[in-house]
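Visitor: Shown below is the structure under consideration.
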Amino acid sequence: MSSRVVDVLVPVALDQAYSYRVPDGAELAPGDIVAVPMGARDCLGVVWANNLAPNPRLHNRLKDVDSKLDYPPLKPELRQFVDWVAQYTLASRGMVLRMALRMGDLGPARQRVGVRLAGPQPVRMTAARARVLRALADGFTHVKGDAAREAGVSPGVIDGLIDEGTLESVVLPPEPLMRAPDPDFRKPDFSLGQLAAADALRLTVNQGGYTVTLLDGVTGSGKTEVYFEAVAENIRRGHQTLILMPEIALTAGFLDRFAARFGVRPAEWHSQLPPRRRARTWEAVAQDEVQVVVGARSALFLPYADLGLIVVDEEHDPAYKQEDGAHYHARDMAVVRGSIAKFPVVLASATPSVESEVNARRGRYRRLHLPERFGGAHLPQIEAIDMRTEGPPRGRFISPKLAEAVQHVLERREQALLFLNRRGYAPLTLCRACGFRLQCPNCDAWLVDHRFKRRLVCHHCGFSTPPPAECPKCHATESFAPVGPGVERLEQEAAELFAGARILVLSSDLVESIERLRAELDDVAQGRFDIVIGTQLVAKGHHFPKLNLVGIVDADLGLGNGDPRAAERTFQLLHQVVGRAGREEGRGQGFMQTHQPDHPVMKALIMGDREAFYKNEIELRERTGYPPFGRLASLIVSANERHAAEGYGRALASLAPKDENVRVLGPAEAPIAVVRGRHRFRLLVKSPRVFDLSSYMRDWLSGAPKPKGNLQLEVDIDPMSFY
Ligand code: ADP
Ligand code: ZN
């Protein structure tokens, strides 16, 4: 019997690694991916350590490792990263490891089958069959799955046609590997300012080692072109690059831009990747067959063979914070990954997070500055429209002044963007007869009217229902009135105001597929629409050459809800949105409809005085001890019964270890007190910056009773949302 023992971490919600015997004749080392018995079944795991001094009394009770899988081992830097993230976020190590093993269904590459036209017309013709024949009418061989998708039929329809001899199947060679990007495919001519930044980045990559650079450039200054030089240098040096994007699915033009610079598209990694592509990409990344990955935050956990650079684009974006499962901030963890594996990290933004801004000011990060738009285009002029005095009539949302500006733009055959960060038709529906408000049965929230879909929807739990025929309270009919605007209502108003204009509404709930969205964004870029009405979906990174006017319909929307980051977020979002205007011709104009034109955020935006915003905000954070001058952690307790949640929250608070560095606030009922039928209470924990809050929290929670029954406890270190 074998005497060697290894500790194996499995991707389930457990912190500890379990000991298994190494079967005789097998060689296992830390990092190896193995199959081990777990309860009644086999489970994937990773050898985390050699267990050099196993307990001899337990030895006989240990199970054997089943087999070693034929994949490259997880490198020490990735294992160390998993440990670090788990230690910091208090997520279990198994759950963090799970993100690194999310490769979907590996296994031998499935044979690819192609189909092509072969013989006679089918005996029985159906609409579905006709579509298949049309899709294959070109006579070429199509991948079977693609043909089914193109024709909009199930693979069974195609099988039927093969059986009848109308089509024949052909075995195709395996999917081609991604071709290597060419660092010198098409280099841009840089302006002097760009060149200086590009040179500095090239040098940084060339020297290697851990550094963080904040690439701080106004919208349209060419940050992407500039950091591509860092990517090019990293490719030349033979290392892999990760470019993180806040919402990969939406960055329509980015892949093409990459291809224009490097000759091929990069590999993509995000949650919507089809399973086969996912498995193949995971493997190719591990085998060093992929040089550049463009991905959402989960791409941080891929098993890179030789990662040498991470670029975090739009580093300030709140989408980098993952809020379910393991709560982690991908920008911060990118910096951690760079420091563990000792390579450079580049953070790019026109409106850096207050955290990164402070790090740059204190010299912890190096700043590269691009203060001008490329090609001499000017930043848009921004004007406030005071809704207290210049607002539209009741029940309308576009002020006369904004309407006039849009009209001018349309006459010049340019585009306008109306921005409203609210999906649906109206955020609230009430009964005019009795004042009853339509509310979600599961949540402490109003139902949002989605007229395009003819449903009332809860944005917190997804509950939806057709609009009721009568008021549930007073039974009046036809008594419902919408209150406030969403993008769908705005479209109605715009269609009335601007007759004949081609209007497109872009909102995440209306997106049927990524392909469709990409096509729509392309339509906008090609000038096939005159007015775009959109939520934050349109705020990010898109380049619309004909767009010269941006109207912010409700600039106050994100302010004043007790969220300590509300000002920062509003500033970043509005700055970003207005930055969509005038990127090509430099005649951009922005209008902000606001009830508080004197708010520091509005003033900074109108004056184009970014510095004023940061100065104000940094002073405020410093005075109040909020991040990055202090640390925060949230505990969110929820239960089916209000008193159970509150009671557990109180018990937790009373067990908090006494420490003069720490303040525990709450439990207080959460701003949204009920979600999915669960009552929620929050505790907020504050400490100075130089304090190990993660360890404090771990000590605290290990000494507290575990949540039982339907009680749930969520731990959020560095919380970004406070609802
Ligand atoms: P940012 O990311 O800072 O908003 P981009 O990198 O998207 O800016 O650049 C804005 C536009 O200017 C893009 O269309 C880009 O292709 C173009 N551009 C920037 N720098 C150059 C350059 N040196 N040569 C040619 N085009 C450039
Ligand atoms: Zn709900």
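The values are calculated or read from the model by the stated rules, or taken from the named source; none is laboratory data. Just so it is clear, the structure is predicted and the values come from calculations on it, not from any experiment. Neighbour counts run over all protein chains shown; Cβ positions are idealised from the backbone, glycine included.
Visitor: Test Asn206 against the stated conditions and say whether it is touching a residue at least 60 places away in the same chain (Cβ under 8 Å), away from ligand 2 (no atom under 16 Å from the Cβ) and of a type outside the set (Gly, Ala, Ser).
Guide: no
Visitor: From the list Leu417, Leu402, Leu410, exactly one residue is within 16 Å of ligand 1 (Cβ to nearest atom), at negative phi and touching a residue at least 60 places away in the same chain (Cβ under 8 Å). Which is it?
Guide: Leu417
Visitor: Then there is this: So, in segment 319-342, how many residues would count as being surrounded by fewer than 24 Cβ atoms within 10 Å (Cβ to Cβ) and outside any helix (DSSP H, G or I)?
Guide: 9
Visitor: What residue, of Pro485, Pro472, is assigned to a loop (DSSP other than H, G, I, E, B) and under 14 Å from Val448 (Cα atoms)?
Guide: It is Pro485.
Visitor: Could I ask something else about it? Restricting attention to segment 494-511, report how many residues are surrounded by fewer than 19 Cβ atoms within 10 Å (Cβ to Cβ), part of a helix (DSSP H, G or I) and more than 28 Å from the chain's Cα centre (by Cα).
Guide: Residues that pass the stated criteria total 3.
Visitor: Taking the condition of being of a type in the set (Asp, Glu) and in contact with a Leu (Cβ under 6 Å, 6 or more places away or on another chain), how many residues in segment 515-553 meet it?
Guide: Final tally of qualifying residues: 1.
Residues are listed down the side, and each one gets a yes or a no for (1) of a type in the set (A, V, I, L, M); (2) more than 28 Å from Ser298 (Cβ to Cβ); (3) more than 10 Å from ligand 1 (Cβ to nearest atom):
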position: Pro181; (1), (2), (3): no, no, yes
position: Ala200; (1), (2), (3): yes, yes, yes
position: Leu215; (1), (2), (3): yes, no, no
position: Ile235; (1), (2), (3): yes, no, yes
position: Ile243; (1), (2), (3): yes, no, yes
position: Arg257; (1), (2), (3): no, no, no
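Visitor: Which of the residues spanning segment 484-525 are of a type in the set (Asp, Glu), touching a residue at least 40 places away in the same chain (Cβ under 8 Å) and closer than 19 Å to Arg396 by Cα?
Guide: Scanning segment 484-525 gives Glu488, Glu491, Glu493.
Visitor: Those residues that are modelled with pLDDT of 90 or more and buried (at least 20 other Cβ atoms within 10 Å of the Cβ), I need them from segment 259-277; list them, please.
Guide: If the condition is that a residue be modelled with pLDDT of 90 or more and buried (at least 20 other Cβ atoms within 10 Å of the Cβ), then Arg261, Phe262, Pro266, Ala267, Glu268, Trp269 are the ones that fit.
Visitor: May I pose another question? For segment 359-367, check the following and say yes or no: at least one residue is at negative phi, under 24 Å from the mean Cα position of the chain (by Cα) and either within 16 Å of ligand 2 (Cβ to nearest atom) or part of a helix (DSSP H, G or I) (or both).
Guide: Checked segment 359-367: at least one residue is at negative phi, under 24 Å from the mean Cα position of the chain (by Cα) and either within 16 Å of ligand 2 (Cβ to nearest atom) or part of a helix (DSSP H, G or I) (or both).
Visitor: Going by the conditions given, is Ala668 under 21 Å from Glu323 (Cα atoms) and part of a strand (DSSP E or B)?
Guide: Here the answer is yes, as Ala668 does meet what is asked.
Visitor: Within segment 427-469, count every residue that is away from ligand 2 (no atom under 16 Å from the Cβ) and part of a strand (DSSP E or B).
Guide: 2
Per-residue answers, yes or no, for (1) in contact with a Lys or Arg (Cβ under 9 Å, 6 or more places away or on another chain); (2) within 26 Å of Arg621 (Cβ to Cβ); (3) surrounded by fewer than 18 Cβ atoms within 10 Å (Cβ to Cβ); (4) aliphatic (A, V, I, L, M):
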{"site": "Ser654", "(1), (2), (3), (4)": "no, no, yes, no"}
{"site": "Val675", "(1), (2), (3), (4)": "no, no, no, yes"}
{"site": "Ala704", "(1), (2), (3), (4)": "no, no, yes, yes"}
{"site": "Lys708", "(1), (2), (3), (4)": "no, no, yes, no"}
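Visitor: Can you tell which of Trp84, Trp48 is surrounded by fewer than 20 Cβ atoms within 10 Å (Cβ to Cβ) and either touching a Lys or Arg at 6+ places or on another chain (Cβ under 6 Å) or of a type in the set (Phe, Trp, Tyr) (or both)?
Guide: The match here is Trp84.
Yes/no matrix, rows are residues, columns are (1) in a loop (DSSP other than H, G, I, E, B); (2) surrounded by 12 or more Cβ atoms within 10 Å (Cβ to Cβ):
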| position | (1), (2) |
| --- | --- |
| Pro122 | yes, yes |
| Phe140 | yes, no |
| Ala148 | no, yes |
| Val157 | no, yes |
| Ser169 | no, yes |
| Pro181 | yes, yes |
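Visitor: Turning to a different aspect of this structure: Can you name the number of the only condition in (1) part of a loop (DSSP other than H, G, I, E, B); (2) of a type outside the set (S, T, N, Q); (3) farther than 29 Å from Val675 by Cα that Glu491 fails?
Guide: Among (1) part of a loop (DSSP other than H, G, I, E, B); (2) of a type outside the set (S, T, N, Q); (3) farther than 29 Å from Val675 by Cα, Glu491 violates only (1).
Let's see how each residue does on (1) away from ligand 1 (no atom under 16 Å from the Cβ); (2) closer than 19 Å to Val675 by Cα; (3) at pLDDT 95 or above; (4) not β-branched (Val, Ile, Thr):
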residue: Asn421; (1), (2), (3), (4): yes, no, no, yes
residue: Phe436; (1), (2), (3), (4): yes, no, yes, yes
residue: Leu447; (1), (2), (3), (4): yes, yes, yes, yes
residue: Arg454; (1), (2), (3), (4): yes, no, no, yes
residue: Cys461; (1), (2), (3), (4): yes, yes, no, yes
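Visitor: Looking for something on the phi > 0 side of the Ramachandran plot, surrounded by 19 or more Cβ atoms within 10 Å (Cβ to Cβ) and in contact with a strand residue (DSSP E or B) (Cβ under 6 Å, 6 or more places away or on another chain) - is there at least one such residue anywhere in segment 590-612?
Guide: For segment 590-612, residues on the phi > 0 side of the Ramachandran plot, surrounded by 19 or more Cβ atoms within 10 Å (Cβ to Cβ) and in contact with a strand residue (DSSP E or B) (Cβ under 6 Å, 6 or more places away or on another chain): absent.
Visitor: Pairs needed: first member in segment 543-558, closer than 15 Å to Ile385 by Cα; second member anywhere, buried (at least 24 other Cβ atoms within 10 Å of the Cβ) and among the aromatic types (Phe, Trp, Tyr); C-beta distance under 8 Å; at least 6 residues apart or different chains.
Guide: Partner pairs satisfying both residue conditions: Leu549/Phe591; Val550/Phe419; Val550/Phe591; Gly551/Phe419; Gly551/Phe591; Ile552/Phe419; Ile552/Phe591; Val553/Phe419.
Visitor: Quick check on this structure: which one of Leu101, Leu69, Leu74, Leu14 is closer than 28 Å to Gln272 by Cα, touching a helix residue (DSSP H, G or I) at 6+ places or on another chain (Cβ under 6 Å) and not charged (D, E, K, R)?
Guide: Leu14
Visitor: Determine the pairs where a residue that is within 14 Å of ligand 1 (Cβ to nearest atom), located within segment 373-384, has a partner that is among the polar types (S, T, N, Q) with Cβ atoms under 8 Å apart, the partner being 6 or more residues away or on another chain.
Guide: Sorted first by the residue in segment 373-384, then by its partner, the pairs are Arg373/Thr219; Arg373/Ser221; Phe374/Ser191; Phe374/Gln194; Phe374/Ser221; Leu379/Thr219; Pro380/Gln589.
Visitor: For segment 512-544, give me each residue that is within 16 Å of ligand 1 (Cβ to nearest atom) and buried (at least 17 other Cβ atoms within 10 Å of the Cβ).
Guide: Matches in segment 512-544: Leu521, Val524, Ala525, Val538, Ala539, Lys540, Gly541, His542, His543, Phe544.
Visitor: May I ask you to list pairs of residues, at least six apart or on different chains, whose Cβ atoms are under 7 Å apart, with the first in segment 599-615 being under 16 Å from Gly560 (Cβ atoms) and the second being in a helix (DSSP H, G or I) and hydroxyl-bearing (Ser, Thr, Tyr)?
Guide: Final answer for the pair search is Val601/Thr570.
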